[in-house]
Amino acid sequence: MEQKTDNEIVRLERVVKRFGDFTALRDVDLSVQEGEVVVIIGPSGSGKSTLLRTVNQLEKHDQGRIVVDGIELTDDARSLHQIRAEIGMVFQQFNLFPHLTVMRNITLGPQKVRHMPRQQAEELALQLLTRVGIPEQADKYPGQLSGGQQQRVAIARALAMNPRLMMFDEPTSALDPEMINEVLKVMIELAGDGMTMLCVTHEMGFARNVADRIIFMDEGEIVEMSKPEEFFTNPKEERTKAFLDQIL
Amino acid sequence: MSAVTAPYSPVAQRIEWAQANLFNSKLNSLVSVVTIAVGLLIAFLVAKFVLFDANWALVSLNRRLFFVGGYPGEEVYRIWIAVFAAAVLASVSYGIWVGRMRPYVITVGIIAVIVLTFGLGTNLYIEETPFTQEITSGGQTSTISGIDRELVWEQGWAPRWLYAFSLGLALPFGGTWLIMAALLALLVLGALFGKHVLSRWKSSPVLLQSVGAAWVLLVPAAVLLQIGVSINSWGSAFLDILIFAVGGFFSFFIGLVLALGRISPYRAVRFVSVGYIEVVRAAPLLVWLLFATFLKDELGPLGEAFSSISLVYRVMIVFAFFGGAYIAEVIRGGLQAIPRGQYEASNALALSSLQKYVFIILPQAIKAVIPAIIGRFIALWKDTALLAAISLINTLEQAKKILAGQTDIADGAFFEIYIVVGLIYWSVSYILSRLGGAAEKRLGVGERR
């Protein structure tokens with residue numbers, strides 16, 4: 001077991017990830033505290049998504065240490081399983097299970113991983129669907145829902161595992177503009193409820209208003225990390241300035 | 001031509017549809033007229049042969065041989081039990097999950113009329129009269145004796161051409177008639193029961209699991225039912241269906257294991273799976289069947305153990321392993337079609353590897369390849385025709401024997417006999433293809449993405 005500082009949930013130390021000759025993450029250090037909302041921004045190919053994906057090991061890191069909730073990620077399958085159960089993940093492409101109803105999409109994890117009885121899992125699913133605003137869609141299949149509704153189901157599915165950390169990988173990038181707000185609204189509420197969140201997003205409004213900390217990444221490195229007001233009004237690094245000039 | 005389907009409504013609409021789809025240009029009109037003319041001609045020739053020219057006596061007399069071969073008569077009830085179980089299961093499943101009763105009842109009704117009424121009162125048998133005859137030739141008188149065989153046709157209410165509709169299979173009144181009546185009634189009652197009673201629990205996993213389990217157990221149960229009946233008496237359509245059912249049943253699971261083996265993280269498992277598939281598919285089934293027939297102790301104890309079991313079981317094993325190699329490739333295709341996101345979402349939910357495949361990956365992969373799997377099953381079913389080459393009496397071989405033995409009463413009725421052989425192969429293939437269609441529809445619910 002790892003010594004925890006404060007209420008640290010995620011800790012990365014000098015993490016390196018390579019894809020062949022391409023280095024996606026270069027010596028990344030990061031610490032996320034419980035209840036914190038951390039937003040990661042940066043140009044495409046900067047390693048933002050890879051950073052998230054190493055935390056729950058959808059990508060294996062090549063060097064460095066990753067500690068989640070006091071458990072160090074090793075090759076041990078059991079610790080990996082434990083960590084994944086504690087982290088909810090929301091993908092850009094939703095990745096709902098198209099052959100299962102919305103209800104079943106949400107209850108599968110609690111039932112199979114947490115061994116929750118079916119009835120209890122279904123009650124939980126309805127609660128969560130109510131929370132994301134679509135309780136009436138429970139018996140439909142993902143293909144029958146709009147993109148925004150699908151992404152909200154995906155959030156409910158992740159929440160059903162009662163995670164200690166929620167990770168969002170560009171959750172609104174695949175959505176039509178009119179559906180972005182319904183998803184952001186759910187995320188803002190979630191942050192308000194004190195959920196620890198690690199978000200990769202291009203929604204600067206969300207970053208500015210909700211984030212406790214903003215991380216700017218470029219070429220696999222964390223270039224700058226600061227509070228939102230400071231980040232947007234007084235960026236220190238040249239690369240950050242250049243990026244903000246482009247998008248704002 | 002557009003893909004508009006003919007609406008099921010008044011004549012005027014149909015004429016309109018025909019004008020719009022068949023006669024909307026000069027070329028199209030010409031093509032339509034020629035096609036219709038050729039179709040009518042073929043239909044006329046077939047009808048003329050089936051109803052007037054053909055001699056169905058040989059088929060009618062040998063219908064039992066066609067279906068069960070040399071199976072002992074007092075044991076045939078075992079086959080009926082299996083048939084009834086399959087009928088109940090199929091009709092109840094249809095009622096629950098498809099539930100379109102009108103076309104179903106009409107189809108069963110038509111079959112019932114043909115099978116149950118056209119043969120009523122008809123009796124067909126061979127009268128054997130011993131005879132002796134004195135022949136005088138060249139001053140010498142010799143006596144020869146023998147049996148004179150004559151076909152007796154006692155016509156029932158239906159004229160001969162109507163009787164021919166049932167291809168001579170129309171059953172005369174008797175025990176079999178009652179069984180067939182019960183079977184057909186059960187097909188309707190089972191579907192009604194499924195639709196009006198059981199479908200209320202359509203979404204209940206208990207119902208789904210018990211019906212699923214019944215389907216899975218059907219084939220092993222049908223085989224276990226045969227215990228005690230000499231394997232040597234298994235023959236004709238019954239033998240073909242049994243070998244296909246057992247071989248096909250296990251080939252699916254073998255294919256599943258091999259497909260998963262091909263994508264295993266362990267190199268040795270991958271290597272064995274690929275090697276197996278490549279070797280098995282590289283030789284024709286007939287060669288494997290001949291190996292199974294002639295293998296003695298060439299492979300040491302393994303070969304001895306294999307050759308010690310009955311040929312029919314050896315053939316079932318060959319069918320299962322041969323079919324499995326093909327099914328594996330089909331399922332692999334389905335696995336490749338699953339987007340990476342499905343694996344990632346399962347992993348992110350902390351599902352175990354087994355859970356990931358059982359609940360997420362395989363249901364989608366198999367659903368995607370149902371048509372191809374059904375295609376493999378149909379091919380495997382028709383491969384039972386090869387059994388004639390290894391001295392098993394399959395439907396084809398039985399047909400040859402019937403022809404060889406009885407030329408004197410139905411001289412040259414080759415065509416009639418082979419029509420029935422073709423119909424037996426066709427009907428099982430057709431049932432398979434409809435089952436596949438139903439499964440596809442049933443599983444395709446969440447398809448719209």
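Worth a mention:
- Residues located in region B:146-191, provided they are without any contact (Cβ under 8 Å) to a residue 24 or more places away in the chain and more than 29 Å from B:Ser91 (Cα to Cα): B:Gly146, B:Ile147, B:Asp148, B:Pro159, B:Arg160
- Restricting attention to region A:107-123 and to residues that are open to solvent by less than 10 Å² (accessible area, probe 1.4 Å) and within 12 Å of another protein chain (Cβ to nearest Cβ), the residue that is nearest to A:Phe97 (Cα to Cα) turns out to be A:Leu108.
- Condition check for B:Ser346: within 14 Å of another protein chain (Cβ to nearest Cβ), of a type in the set (S, T, N, Q) and either assigned to a helix (DSSP H, G or I) or over 17 Å from the mean Cα position of the chain (by Cα) (or both): yes
- Some residue of region A:85-101 being without any contact (Cβ under 8 Å) to a residue 60 or more places away in the chain, more than 8 Å from every other protein chain (Cβ to nearest Cβ) and either within 18 Å of A:Arg152 (Cα to Cα) or in a loop (DSSP other than H, G, I, E, B) (or both): no
- Residue in region A:24-32 that is of a type in the set (A, V, I, L, M, F, W, C) and surrounded by fewer than 17 Cβ atoms within 10 Å (Cβ to Cβ) present: no
- Here is the figure for region A:196-224: residues that are in contact (Cβ under 8 Å) with a residue 60 or more places away in the chain and open to solvent by 40 Å² or more (accessible area, probe 1.4 Å) total 6.
- In region B:270-281, the residues that are in a helix (DSSP H, G or I) reach residues that are among the aliphatic types (A, V, I, L, M) and open to solvent by less than 80 Å² (accessible area, probe 1.4 Å) with C-beta atoms within less than 7 angstrom, at least six apart or across chains, in these pairs: B:Ser273/B:Leu258; B:Tyr276/B:Leu258; B:Tyr276/B:Ala325; B:Ile277/B:Leu258; B:Ile277/B:Ala325; B:Ile277/B:Ala328; B:Val280/B:Ala325; B:Arg281/B:Ala325.
- The lone exception for A:Asp139 - which of (1) open to solvent by 50 Å² or more (accessible area, probe 1.4 Å); (2) more than 25 Å from A:Glu36 (Cα to Cα); (3) assigned to a helix (DSSP H, G or I) it fails: (3)
- Failed item, numbered, when B:Val59 is tested on (1) at pLDDT below 90; (2) open to solvent by 40 Å² or more (accessible area, probe 1.4 Å): (2)
- Inclusion of A:Leu126 among residues that are open to solvent by 10 Å² or more (accessible area, probe 1.4 Å) and either of a type in the set (D, E, K, R) or more than 21 Å from B:Gln364 (Cβ to Cβ) (or both) is warranted.
- Taking region B:32-118 and the helices (runs of 4 or more DSSP H) fully enclosed by it, the elements with 1 or more residues that are small (Gly, Ala, Ser) are at B:57-61, B:76-97, B:101-117.
This table checks each residue for (1) within 13 Å of chain B (Cβ to nearest Cβ); (2) in a loop (DSSP other than H, G, I, E, B); (3) touching a Pro at 6+ places or on another chain (Cβ under 6 Å).
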{"residue": "A:Val32", "(1), (2), (3)": "no, no, no"}
{"residue": "A:Ile40", "(1), (2), (3)": "no, no, no"}
{"residue": "A:Pro43", "(1), (2), (3)": "no, yes, no"}
{"residue": "A:Arg53", "(1), (2), (3)": "yes, no, no"}
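- Selected residue (only one of B:Ala283, B:Ala292 is assigned by TED's automatic domain parsing to the domain that holds B:Ala389, more than 28 Å from B:Lys356 (Cα to Cα) and buried (at least 16 other Cβ atoms within 10 Å of the Cβ)): B:Ala292
- Scanning region A:66-84 for residues that are in contact with a Leu (Cβ under 8 Å, 6 or more places away or on another chain) and within 11 Å of chain B (Cβ to nearest Cβ), we see that the one that is surrounded by the fewest Cβ atoms within 10 Å (Cβ to Cβ) is A:Leu80.
- Residue in region B:157-164 that is open to solvent by 50 Å² or more (accessible area, probe 1.4 Å), within 26 Å of the chain's Cα centre (by Cα) and assigned by TED's automatic domain parsing to the domain that holds B:Val105 present: no
- Here is the figure for region A:166-197: residues that are farther than 13 Å from A:Ala154 by Cα and β-branched (Val, Ile, Thr) total 3.
- Test set (1) away from chain A (no Cβ under 14 Å); (2) surrounded by fewer than 20 Cβ atoms within 10 Å (Cβ to Cβ); (3) not β-branched (Val, Ile, Thr) - B:Gln398 fails condition number: (2)
- Checklist (1) surrounded by fewer than 19 Cβ atoms within 10 Å (Cβ to Cβ); (2) without any contact (Cβ under 8 Å) to a residue 12 or more places away in the chain applied to B:Gly333, failing item: (2)
- Against the list (1) assigned to a helix (DSSP H, G or I); (2) under 27 Å from B:Ile338 (Cβ atoms), the condition B:Leu239 fails is (2).
- All positions within region A:62-77 that are of a type outside the set (A, V, I, L, M) and either free of Cβ contacts under 8 Å to residues at least 40 places away in the same chain or part of a loop (DSSP other than H, G, I, E, B) (or both): A:Asp62, A:Asp69, A:Gly70, A:Thr74, A:Asp75, A:Asp76
- Counting the residues of region A:150-195 that are in a helix (DSSP H, G or I), open to solvent by 10 Å² or more (accessible area, probe 1.4 Å), of a type in the set (S, T, N, Q) and touching a residue at least 24 places away in the same chain (Cβ under 8 Å) gives 1.
The values are calculated or read from the model by the stated rules, or taken from the named source; none is laboratory data. Because the structure is predicted, anything quoted here is derived from the model rather than measured. Please note: Cβ atoms are built from the backbone with ideal geometry, for glycine as well, and neighbour counts cover all protein chains shown. We work out accessible area using only protein heavy atoms, side chains counted, and drop any ligands, DNA or RNA first. Shrake-Rupley method; radii C 1.70, N 1.55, O 1.52, S 1.80 Å.
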